[in-house]
Amino acid sequence: MNLISRPVPHISLEQWRSLVAVVEAGGYAQAAEALHKSQSAVSYAVQKIESQLGLRAFEIQGRKAVLTPTGHMLYRRALALIGEAGDLEQAARKLSAGWEAEIGLAVEVLYPPGKLLDALARFGSEAPRTRIEVIESVLGGTGEALLGGLADIAVTPSIPPGFLGRPLMNVRLLAVASPDHPLHRLGRVLHENDLRAHRHLPVRATSASRDRRTTTVEVEQRWTFSSMGMSIAAACAGHGFAWYPEAHIRDELVSGRLKTLPLAGAEERIVPLYVVIADPDAAGPGVRRLEEILAEGVAG
C-alpha cells in the first residue's frame, strides 16, 4: 500500500501526547500540569481519540483514570509514534545544519590509542569546528553509551541488540609479566594452575552492570585497576600478570620490561572490534565521515 492509498489519520500527535501524559502522570490533572494545559483541554484530547476510534482508552476507578486493555495497546503505540516523530525532527535539524557541532565517540580501551589519535587528527583537519567527546570504556561500557544515547558512534567488542555494526579489526591480547616475575622463573610451559598462585592485574569494566568477575582466570590474589596504564605499570614493577592489547605494550615488550608468558598458545587471545553508528537514519555527515576514517585507519 502506497502513501496515497493509506487512510488519512484524524488524530494529531498532540492528542496522542495527551494520552501518554495522562498515563505517565497518573491522572488528568497531573497531565495538564505537566503539559502546561488546562485539564479540560487534556480531557477533550483523550475523548477525541476515543470518539474517533470508537473505543475506551481509560476507565475511572475511584479518582484515578486506569487504562483499559485497549488503552494499553494505544499507549504503547503512541509512545513509539511520538518517539519516531521526535527522531525525525532531530535528524532533519542535523541534516539542515550541515556538519554536527558535537559528536560522541565511545571507544573500547582495547582499540589501539595510536590509531584513535590518528583518526581524530584526520577528522579534525576536515571538520575543525566539530567537537568530539571521547568516552573510553572497558567491557560493556560502549554498549551502554549507545543504549543511553551518549554516543553517536562507537568502537565496541560486541554489538548491542537493536544496533547494526560492521567489523573493524581484531585485537591481539598477550599474557605478560615482568621478566623477573616468579612465573618466568619456572622456566617451563605454564598451566592454569600456575597462574592461580599469582596476582592478576585486570582493568575494571566501566559498564554500570559490570560483573566483579572481570576475568576467566580464577586466582586468589587480584588488584583491579580503573585504567590500563596503571595496570601495565603494576605489571612492569613485577606485581602480577595480565592480558593486554599488544599495541598498548609494544614499547614494554621491546624494552624488555614485560615478557610474554609461555602458556602453550593460551597466552594469546583475539578480540574482534566493530564500529557502530547509533542511529544510521539520523546520522549526519560528520558521524558518517568519522566512521569512514576509523575503517580506513585499520584497512589492511
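Report, in deg cm²/dmol and to the nearest 500, the calculated mean residue ellipticity at 222 nm for the chain, where each DSSP H run with n ≥ 4 adds -39500 (n - 2.57) and the sum is divided by the residue count. Don't skip to the answer; put the middle values down first.
Values: 11 runs with 123 residues, N = 300.
Here the helix-only value at 222 nm equals -12500 deg cm²/dmol.
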Kindly report, to the nearest 10 Å², the accessible surface of LEU174 as traced by a 1.4 Å probe over protein heavy atoms only. 10 Å²
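What percent antiparallel are the DSSP beta bridges of the chain, to the nearest 5? Intermediate results must be reported in sequence, preceding the final value.
Numbers: 24 of 37 bridges.
Once the DSSP bridges in the chain are tallied, antiparallel ones form about 65 percent.
Report in % the part of the accessible area of region 2-80 that belongs to carbon and sulfur, leaving out ligands and nucleic acids; probe 1.4 Å. Provide the component values of the computation, followed by the final result.
Values: 2850 of 5220 Å².
Roughly 55 percent of what the probe reaches on region 2-80 is carbon or sulfur.
Quick check on region 168-300: what does the Kirkwood estimate of hydrodynamic radius come out to from the alpha carbon pairs, in Å? Mind dumping the intermediate values first?
On the way: mean 1/r = 0.0600 Å⁻¹.
Computed over region 168-300, the radius equals 16.7 Å.
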For LEU190, enumerate residues with amide H under 5 Å from its amide H, sequence gap 5+ or separate chain, H modeled in the peptide plane. LEU263, ALA264
Candidates GLN15, GLN221, GLN61; GNM for the chain (alpha-carbon contacts under 10 Å) flags as most fluctuating GLN61
Label-point separation in nm, GLU33 to GLU192, each point 7 Å along Cα→Cβ: 5.9 nm
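Determine one quarter of the surface area of the Cα convex hull of the chain, which equals its mean projected area, and express it in nm² to one decimal. Don't skip to the answer; put the middle values down first.
Working: hull surface 92.8 nm².
Approximately 23.2 nm², given one-decimal rounding.
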Give the residue from VAL275, ALA21, LEU117 lying farthest towards the positive end of the charge dipole for the chain; charges sit on Cβ (+1 for Lys and Arg, -1 for Asp and Glu) and the dipole is referred to the Cα centre. ALA21
Reported to the nearest 10 Å², TYR274 has, with a 1.4 Å probe, an accessible area equal to 60 Å²
I need to check one value: relative contact order of the chain, counting alpha carbon pairs closer than 8 Å and at least 6 residues apart, in percent. 21 percent
How much FRET efficiency would the formula 1/(1 + (r/R0)^6) give for ARG77 and GLU292, where r is the Cβ-Cβ distance and R0 is 41 Å, rounded to 0.05? 0.65
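How big, in percent, is the set of alpha carbon pairs in region 101-237 lying more than 28 Å apart?
Details: 2861 of 9316 pairs.
Distances greater than 28 Å cover 31 percent of the Cα pairs.
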In cubic angstrom, how much convex hull volume per residue do the alpha carbon atoms of region 36-162 span? 179 Å³
As a test of reading the structure, rank HIS36, HIS184 by solvent-accessible area (1.4 Å probe, protein chains only), most first. HIS36, HIS184
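Quick one: work out Rg over Rh on the C-alpha atoms of region 1-90, Rh as Kirkwood radius. Kindly include the intermediate steps, with their values, before the conclusion.
Values: Rg = 13.6 Å, Rh = 13.7 Å.
Answer for region 1-90: 0.99.
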Given 0.36 nm per residue, what is the gain on full extension from ASN170 to LEU117 after removing their alpha carbon distance, in nm? 17.3 nm
A chain fully extended from TRP223 to ALA264 at 0.36 nm per residue, minus the present Cα-Cα distance, gains in nm 12.3 nm
The Cα radius of gyration of region 258-300, divided by 2.2 N^0.38 Å with N its residue count, comes to 1.86
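Can you give the Rg/Rh ratio of region 237-277, where Rg is from the C-alpha atoms and Rh is the Kirkwood radius?
On the Cα set of region 237-277, Rg over Rh gives 1.05.
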Which value, in debye to the nearest 20, describes the size of the charge dipole of region 165-300 about its Cα centre when Lys and Arg Cβ atoms bear +1, Asp and Glu Cβ atoms bear -1, and nothing else is charged? 360 debye
Which value, in debye to the nearest 20, gives the size of the charge dipole of the chain about its Cα centre, when Lys and Arg are +1 and Asp and Glu are -1 at the Cβ? 480 debye
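The values are calculated or read from the model by the stated rules, or taken from the named source; none is laboratory data. All of these numbers come straight from a predicted model, not from anything done at the bench. Methodologically, a virtual Cβ is constructed for each residue, glycine included, from the backbone with ideal geometry; neighbour enumeration extends over all protein chains shown. Surface areas here come from the heavy atoms of the whole protein model, side chains and all, with no ligands, DNA or RNA. Shrake-Rupley method; radii C 1.70, N 1.55, O 1.52, S 1.80 Å.
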